[in-house]
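First up is the structure itself, then whatever we jot down about it.
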Amino acid sequence: MKIGVVGKPSSGKSTFLNAATLVGAEMAAHPFTTIKPNLGTAYIRADCPCKSLGNPCSPRHGKCIDGQRFVPISLVDVAGLVPDAHKGKGMGNQFLSDLADADALIHVVDVSGNTDEQGNPTKNHDPCKDVDFLEREIEYWMLGILEKKWSQAARQVEMGTIKLHEFVYEQLSGLKVSEEEVKRAVQESGVVPTSSNEELLELVKEIRRRNKPIALAANKMDLPNAGKNYARLEGNVIVPCCAEAELALRKADEHELIHYVPGSSEFKLLGELPAGQAKALEFIRALLEKYGSTGVQECLERTVRELLGMIVVYPVEDEHKMCDKKGNVLPDAFLLHCGSTAVDLAFKVHSDIGEKFIGAIDCKTGRRVGKEHELTDGDIIKILV
């Protein structure tokens, strides 16, 4: 799974990526610090079944801290987006192509209003405009892809050589869309080969909402005016964030100055600190008390859980010891879409296992289930082949 970290220049995208991954992406308070995409691994938390098993787990990927399983996901931070990026302005063409295979987007918004639409310092900029223009740029980019061959689609559909939804899917398949999603969007929009550009844009908007859902990370909540601007933002998932605070906490934990679990509402000092560091951490502590967390981890998790509707499932080979052949307890934790079945899990483990699937065992109940058995969050499943 890949999540794109997007936003205008100087909004805090690279800081957000660093805070979530400690990947070390370059950060600076000027536009286009990011030129090439930065990649990193972040994690979402899940209650690990090892708590009830009484045996510590042995994650093959990720980690488990105090019964919290950290399941890896990929993040990509791309060049800052400016108005008319879909026409190639700024780093527009690169920005948009770098997002093609993202499952969802986190839009890092400078909610303080201290940067203009180009990422330059200013005062009282309206962050709501940033939200509108980013969605618009992505949608117009997708529209441009369809428009290039739309007249060709009209001829082919009239001749009966292709269905309209098949043509749309073919043109947008590089964006990681599913044919079923496209088919539903085409049917619901009522678009036909003779539809106007405005009607085609409405189709693209619906496909974008399904294919590239966007969460808002309302960044720089520690600055003046951020609170009143935050209250005006609209979207399905909006999280107050301070990426700089999260980065500071993770680095302090890495250097064993504090004990901090990402997403926590508190941290513990591990010794005496110089006055400057102590003062900075106390400022961050006040932020945690106010908002419950820095927001970075919450934003990741709400994007994966709410926008994408993912659950965590644990495949094992021994249903009694909940382990693999080597005795590793709960070695894997897979993210699957809500509504996924036992056979979907089998294919997720390996295509060969999916092909040979004959059944599965729900290890919590000991019950044998078939390929249509719908999985739930936290299930432990043995696949039978």
- A student applying the Cα gyration tensor rule (rounded when a/c is under 1.5; otherwise prolate if a/b is larger than b/c, oblate if not) would label region 244-385 prolate
- Within a Cβ distance under 12 Å of residue 66, other residues only, what is the Lys/Arg minus Asp/Glu net charge? +3
- Message: Could you list 64, 242 so that the one with the fewest beta carbons within 10 Å of its beta carbon is first and the one with the most is last?
- Response: 64, 242
- Note on the structure: Surrounding charge for residue 51, neighbours by C-beta under 11 angstrom, Lys/Arg +1, Asp/Glu -1, total -1
- Residue-normalised 222 nm signal for the chain, counting each DSSP H run of n ≥ 4 as -39,500 (n - 2.57), nearest 500 deg cm²/dmol, is -11000 deg cm²/dmol
- Message: Can you give the log10 of the normalised intensity I(q)/I(0) at q = 0.06, 0.08, 0.13 Å⁻¹, computed with Debye over equal Cα scatterers of the chain?
- Response: -0.28, -0.49, -1.13
- Message: Can you find, among 40, 4, 131, the residue sitting farthest towards the positive end of the charge dipole of the chain, where Lys and Arg contribute +1 and Asp and Glu -1 at Cβ?
- Response: 40
- Net dipole in debye of region 306-384 [+1 Lys, Arg Cβ; -1 Asp, Glu Cβ; about Cα centre; nearest 20]: 300 debye
- Query: So what are the ³J(HN,Hα) numbers for region 121-137, from phi and the Karplus equation (6.51, -1.76, 1.60; θ = phi - 60°), rounded to whole Hz, Gly and Pro as x?
  - Reply: x, 7, 9, 6, 6, 8, x, 4, 5, 5, 4, 5, 6, 5, 4, 4, 5
- Could you work out the equivalent-ellipsoid semi-axes for region 173-331, taking the square root of 5 times each eigenvalue of the Cα gyration tensor, largest first, in whole Å? 40, 29, 11
- Task: Tell me which residues come under 5 Å, amide H to amide H, from residue 73 once H is placed; ignore anything under 5 positions away on its chain.
- Result: 42, 43, 44
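Just for the chain, what percent of DSSP beta bridges are antiparallel, to the closest 5?
Counting only bridges with both partners in the chain, antiparallel ones make up about 60 percent.
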- Of 15, 194, 341, 294, how do they rank once you tally other Cβ atoms within 10 Å and put the fewest first? 194, 341, 15, 294
- Among 328, 203, 261, the residue whose Cα sits farthest towards the positive end of the charge dipole of the chain (+1 at Cβ of Lys and Arg, -1 at Cβ of Asp and Glu, taken about the Cα centre) is 328
- Message: Can you give me the long-range amide H partners of residue 340? Hydrogens built in the peptide plane at 1.01 Å from N, cutoff under 5 Å, separation of 5 or more residues or another chain.
- Response: 375
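Just need the Rg to Rh number for region 306-384, please, alpha carbons only, Kirkwood Rh. Present the calculation step by step, with values, prior to reporting the outcome.
Numbers: Rg = 11.6 Å, Rh = 12.3 Å.
Value, to two decimals: 0.94.
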- Could you give the size of the charge dipole of the chain about its Cα centre, using +1 on the Cβ of each K and R and -1 on the Cβ of each D and E, expressed in debye and rounded to the nearest 20? 400 debye
- Note on the structure: With +1 at each Lys and Arg Cβ and -1 at each Asp and Glu Cβ, the charge dipole magnitude of region 104-206 around its Cα centre, to the nearest 20 debye, comes out at 320 debye
- Message: Give me, ordered by chain and number, the residues 5 or more places off residue 258 or on other chains with an amide H under 5 Å from its own placed amide H.
- Response: 253, 270
- Under 11 Å, Cβ to Cβ, from residue 240 - net charge with Lys/Arg +1 and Asp/Glu -1: 0
- Protection proxy ranking, peptides 273-280, 212-219, average beta carbon neighbours within 10 Å, highest first: 212-219, 273-280
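Each reported figure results from applying straightforward, stated rules to the coordinates on display, with no laboratory input. Everything numeric here is computed off the predicted structure, so don't read it as measured data. Counting neighbours? That spans all protein chains shown, and the Cβs are built from the backbone with ideal geometry, glycine included.
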